[in-house]
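Since every read-out is calculated from the coordinates, none of them should be taken as a lab result. On a predicted model such as this, the values are computed, not experimentally measured, just so you know. With ideal geometry, Cβ positions are generated from the backbone for all residues, glycine too; neighbour counts draw on all protein chains shown.
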Amino acid sequence: MTKIRSKAKTVKPDISFTVQVWRENGTYVAYAPELDVSSCGDSLAEARARLREAVSLFLEEASRRGTLQDILAEAGFEKHGKTYRPYRVLARQKVRLAVPVGS
């Protein structure tokens, strides 16, 4: 009798994070503030795609080194089922301050 082996698929958790994009000297910069990871590109789509790749590589390397859980906890992420989510922002505002000018 032949045994049929099936590979159990491991479901990897996913992560939700904020992406901010701006233009800097003609280049699009994409930034994930919760993880402090950024990338850039010649278009909005390219900058976003490169940021996804940079975050993915960052998380893979942290996992490989055994520091992923510590990094995500320090960055304010909580695990909810199969998803890591940042803490919910309760308030957001812009603040304006005078910048001291040195002599």
Practice problem: Could you sort 17-29, 87-99, 48-60 so that the peptide with the highest average Cβ count within 10 Å comes first and the rest follow in order? | Solution: 48-60, 17-29, 87-99
Exercise. Kindly provide the Kirkwood hydrodynamic radius of the chain in Å, to one decimal, from all pairs of distinct alpha carbon atoms.
Key: 16.7
Practice problem: Kindly count the pairs of lysines across the chain whose alpha carbons are less than 25 Å apart, treating pairs on different chains or eight or more residues apart as eligible. | Solution: 5
Quiz prompt | Size of charge dipole - region 52-91 - debye, nearest 20, with Cβ of Lys, Arg +1 and Asp, Glu -1, no other charges | solution = 200
Quiz item: Given H placed 1.01 Å from N in the peptide plane, which residues other than close sequence neighbours of residue 40 have an amide H under 5 Å from its amide H?
Solution: 30
Quiz item: So what is the 222 nm mean residue ellipticity for the chain from helices alone, if each DSSP H run of at least 4 adds -39500 (n - 2.57) and you divide by all residues, rounding to the nearest 500 deg cm²/dmol?
Solution: -9000 deg cm²/dmol
